Each structure stands twice: as structure tokens, then as C-alpha cells.
Amino acid sequence: PGEKRRLLSVDLLKATATVRLYTWQSTHNAIAGLLQLDQRLGAVSTAELSDIERASYGELRAQTAVELAYAYALYLSYIRDYQVAEIFGSRDAPADLRVSDPDELKTLNEGPVSDAKDIVRRTIRAVAAEHKEWLARGTQAQSDLRTQWQVFADGNRRRAELVSRLSLTSGYANYRMAEWERAEASAQSELVFGEAFKTRLDRAANELGDADAAHPSHYLVLQLLGLVYSEPRRDDASISVAEQYFERAIQAKPSDYYGHELLAGLLLRKVANAGVDVTGRATLERGLSEAQAAVSQRDSSGAAHLLKAEFQTMLFEIERDEAKRRELRDGLEHSIDQAARLLPLVFKQEDVDLTWVRVIAGARRLGEEVERLTPPAGRSSILESEKHQRFLESRNRLSSTLARLVTTCENLEARWVNSQRVLHVTRLREKAVRLRASVERATLENWRDIQVPFL
């Protein structure tokens, strides 16, 4: 029995490692393995086992249930950036969540908005139900172990870790569910998961606080607490408090790329809120360093490359040394190319934040190519009419890009359900509309005066 349990423990470790690849594809595979593991554990008769083996099997089953609850909750995060048709249209998706009807898949991609949203809500509610069921099983298994922990020499530590894991998993799910709710929604018919935004967010904060108390300085708990306190729709959002949590998370696990991404994203908000100028250079350089750390640890992260591009764009705004500007320009182009290669395409469109980086870079270089023009052979200068014509061509290209960005944002606003994401896209669209108006008024003489809202 002990050998069999150890082999089952290895299967749990393998599935847990697969979950932590943090892609929706790996989550499909991990859930399949965890469901099989739970069935095998359920078939084990513990009646004739020793007390320590019985407790070990109980602990293993509890850990499996909690890992399943966490894995299902991860889908709530993935659907922020990917389509339901892509994730749950996959043949590897869990059977109870799979969307296989061709008409429904067509509706999700291009059908009526209201019908598409109904399918999305149905799917994510099913995800939440699976999470809730496995969390309840994990909680019950933990309760069944209440009188058995003493058989382990390190029973108190093991119990604290499991309790912390339960609180972390529930807190994570509540935070992700809060993202989906509109902050002002209160009527039951307006809610996606049945509880208001503030209720979910407060519960997440309390559960994550419990997890931190049971198992202090766990990097995932600290990351989530930082997310809760920096939630952009929170009335009392605190960037400084969130920054401390993200810094502690990095100290707890420096090799976790996501911690560096979170801190870099927060520093980006911090600079944008204060205004991009030379006084923020130290924060910009620190943020770029964190984004680079994320890229170094996970080069396949499109979000990390995008963060690098955003910081490079901001630094380009304040840098006056021409050699450093060239270096920043080259680095920015590389970061944009990498982000474009790795970020998901939603409805076959580029990520709107990446398009916004392209727009900002274009606005800041709008007249530079004209200024760098060299006269053709046989002439000593460029005609003013040629300069203005070239400028108009650049301006029109930038205006067209902004028009496409506005259209893409409108499409996402109409079809997306995650409220936090929709709010971000709405604000981006509004900025794009204002910037387009400024660009269309720009001339070769005043283009440097265009006011660009970075975030």
C-alpha cells in the first residue's frame, strides 16, 4: 500500500507541475490526469491500512481535490484573453465543459452578440460549479483528517499547508469571479456568478489573509493579495500596498516570472498616474528591469514582452541622448515583434494593448522620418511640398491604425463578458478617439505637441 500511494503521489506531482505551466492547454491535460487520479484514490480500500497509511491516503485525496478546484478556477483567468470557442472548443477540454456544437461555435465567433454572451456565461458558470464542487470535496477531506494529523511527526505543518491551500484556492476563484462582475451591478439578473463585485472581492481578501496566516510568505498568496488591493475598480485601491505584496512575492520566489510581470504592470500604472517625465525615470527603469526579468524566466510570455515595449515607449518619451534613443528604438521594435508573435489573437485581431503601443510609438515619430529625409541625387534640398506630402502620408497611416483600433475595441466591448477587461478596453477606445482627433489636426510644424495618454 505504501508503494502504491507513493506512485499515486508522483502522479499528483506531475499533474500539479502541468497545472503550473499556466496555459489553457496544460490545464486541460492536468485536469484529465487529476480526475483519473481521484478515481484511482477512490477505489483504494483503506479499512485494513495502518493509521499512518490511512491518513496519508486521506491527505493525498484532499490535495487532489484542492488541485482540481484550483485548476478549474484558472479557466476564469484564461477567458480574459482567449475565446471560449478556442478553449472549450478543444477536443481536450473537460467533457462537462466542452462546446462541440458547430452552431454554438459559429455563434461564439461571429453570431449575434446576445446569443454568444449566453454561451459564454453558461460555460463560465459551469467552470465555477466544477470549482465549487471540488473545493467542497477538498474541505470535507480536510475535515475528515482533523483527528488524524497527529500520526505524522510534522502533522501541524502539513495541516497548515492544506488549510492554506484551501483558502488560497477559494480566494483565487473569488478574485477571478469578481473580475467578471460589473462594479455597479447588484440585481441578481445582472450578476454572472450570483454575488456582487464588492462581496466577492472582500471575500477574496479575507480568504487570502487566512491563507497568509496559515502559511506565511507563500508567493502565490502574496501575488493574489497584491491583485486584490490593486483592483482598478476598487474604491480604496492602493498601489503602494499592492507593490509591497508583489515585492514580497518576488522575495519568496524570485524565479517565478509572473511575480515580475505583476510588479512591472503595477509600476507602469504608477508612472502613468503620476505622468511620464524625467522625475519618473528611476521607476521606469525599475519597471523595465522587472519586465526583462519576466522575459528572461519565461521568454514565451507575450505579456512580458508587451510590458517591455510599454516601458521602452515611455523611456523614449523622456530620453534626449540620441544614441540611447536609437538603442531604445531598436529594443522597442524587437519587443513589439515578440509580443505580436506570442500574444493571443482574439477574433483574429491583434491585442489592443499592443496596437496602442504601436500607435504611441508612431505618434512620437510622426514627423521624424520627414526630418531625416535626404534629397535625391542632383538636388541640394527637399522641397517643402515633398515634406508635407510625406508627413500627410504618415499621419493618414497613423489615423487609419487608430480607426481600426477603435473598431476592434467596440467589437470586444460588445462581445466580451469579463467586466474588468471590458472597462479597460472601453477606456482604451476613448483614448484612441481623442488621440485620433489630435493626430488629424497635427501639422509638420506642431506634431511634437500631440498629447499622448500612455495608459
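Here segment 39-68 is scanned for amide nitrogen atoms under 16 Å from the site 7 Å beyond the Cα of ARG20 along Cα-to-Cβ, giving 63-64, 66-68. The simple spin-label model puts a point 7 Å past each Cα toward its Cβ; for GLU48 and SER381 those points are separated by 10.3 nm. As a calculated quantity, the FRET efficiency between ARG146 and ARG397 at R0 = 56 Å, using C-beta atoms, amounts to about 0.25. If you put +1 on each Lys and Arg Cβ and -1 on each Asp and Glu Cβ, how big is the dipole of the chain around its Cα centre, in Debye rounded to 20? Once rounded to the nearest 20, the dipole reads 280 debye. At a 1.4 Å probe, what is the % contribution of carbon and sulfur to the accessible area of segment 289-357? Here it works out to 45 percent. Looking at segment 371-455, the accessible area is 57 square angstrom per residue; that uses a 1.4 Å probe and ignores ligands, DNA and RNA. Between THR283 and GLN451, the FRET efficiency from the beta-carbon distance, with R0 = 22 Å, is close to 0.60. The local environment of GLU350, defined by Cβ-Cβ distances under 10 Å, has a net charge of +1 under the rule Lys, Arg +1 and Asp, Glu -1.
Over the Cα atoms of segment 308-451, the radius of gyration divided by the Kirkwood radius equals 1.02; this is the Rg/Rh ratio.
In segment 389-449, the ratio of gyration radius to Kirkwood radius, Rg to Rh, stands at 1.11 when only Cα atoms are counted. Projecting the Cα atoms of VAL276, TYR258, SER238 onto the charge dipole of segment 186-284, computed from C-beta unit charges around the Cα centre, puts VAL276 farthest toward the positive end. Identify which of the listed values of percent of Cα pairs over 44 Å apart was calculated from the structure shown: [x] 5; [y] 25; [z] 21. Here the calculated entry is [z].
Ellipsoid semi-axes for segment 2-155, based on the Cα gyration tensor and the rule √(5λ), read 36, 14, 12 Å when sorted largest first.
Taking each DSSP H run with n ≥ 4 as -39500 (n - 2.57) and averaging over every residue of the chain yields -24500 deg cm²/dmol at 222 nm. Residue ranges 153-160, 305-312, 350-357 sort as 305-312, 350-357, 153-160 when ordered by packing (mean number of other C-beta atoms within 10 Å per residue, highest first).
Here the Kirkwood formula puts the hydrodynamic radius of segment 175-276 at 14.3 Å, using every distinct Cα pair.
Listed by chain and number, the lysines whose C-alpha is less than 21 Å from the C-alpha of LYS324, apart from same-chain residues fewer than 8 away, are LYS308. Label separation (ASN411 vs ASN206): 4.3 nm, computed from points 7 Å beyond Cα along the C-beta direction.
Counting other Cβ atoms within 10 Å of each Cβ, which chymotrypsin sites (Phe, Trp or Tyr not before Pro) in segment 21-125 have at most 15 and sit in a DSSP loop? Of the chymotrypsin sites (Phe, Trp or Tyr not before Pro), the ones in loops of segment 21-125 whose Cβ has at most 15 other Cβ atoms within 10 Å are TYR22. Only aspartates and glutamates eight or more places from LYS198 in sequence, or on another chain, were considered; those with a Cα closer than 20 Å are GLU179, GLU181, GLU184, GLU190, GLU207, ASP210, GLU231, ASP235, ASP236.
Extension gain, ASP337-ARG91: 0.36 nm per intervening residue step, less the Cα-Cα distance, totals 85.5 nm. At q = 0.20 Å⁻¹, what base-10 log of I(q)/I(0) does the Debye formula yield for segment 74-208 when every alpha carbon is treated as an equal point scatterer in vacuo? The Debye formula, applied to the Cα set alone, gives -1.17. Computed over protein heavy atoms with a 1.4 Å probe, the carbon and sulfur contribution to the accessible area of segment 52-103 reaches 38%. One equal scatterer on each Cα of segment 294-388, no solvent, Debye formula: the resulting log10 I(q)/I(0) at q = 0.11, 0.18 Å⁻¹ is -0.43, -0.85.
In straight-distance terms, cross-link reach from LYS348 covers every one of the lysines whose alpha-carbon lies under 19 Å from its own, apart from those fewer than eight places away in the same chain; here that gives LYS106, LYS117. With the simple spin-label model, which puts each label point 7 Å out from Cα in the Cβ direction, the VAL113 to ALA213 separation comes to 4.5 nm. Available extension along the chain between ILE239 and GLU161 is 25.2 nm, counting 0.36 nm per residue and deducting the alpha carbon span. For segment 111-206, the fraction of 1.4 Å probe accessible surface lying on carbon and sulfur atoms is 49 percent.
The values are calculated or read from the model by the stated rules, or taken from the named source; none is laboratory data. Everything numeric here is computed off the predicted structure, so don't read it as measured data. No Cβ is skipped: glycine too gets one built from the backbone with ideal geometry, and neighbour counts run over all protein chains shown. When the accessible area is computed, the model is the full protein with side chains, heavy atoms only, and any ligands, DNA or RNA have been set aside. Shrake-Rupley method; radii C 1.70, N 1.55, O 1.52, S 1.80 Å.
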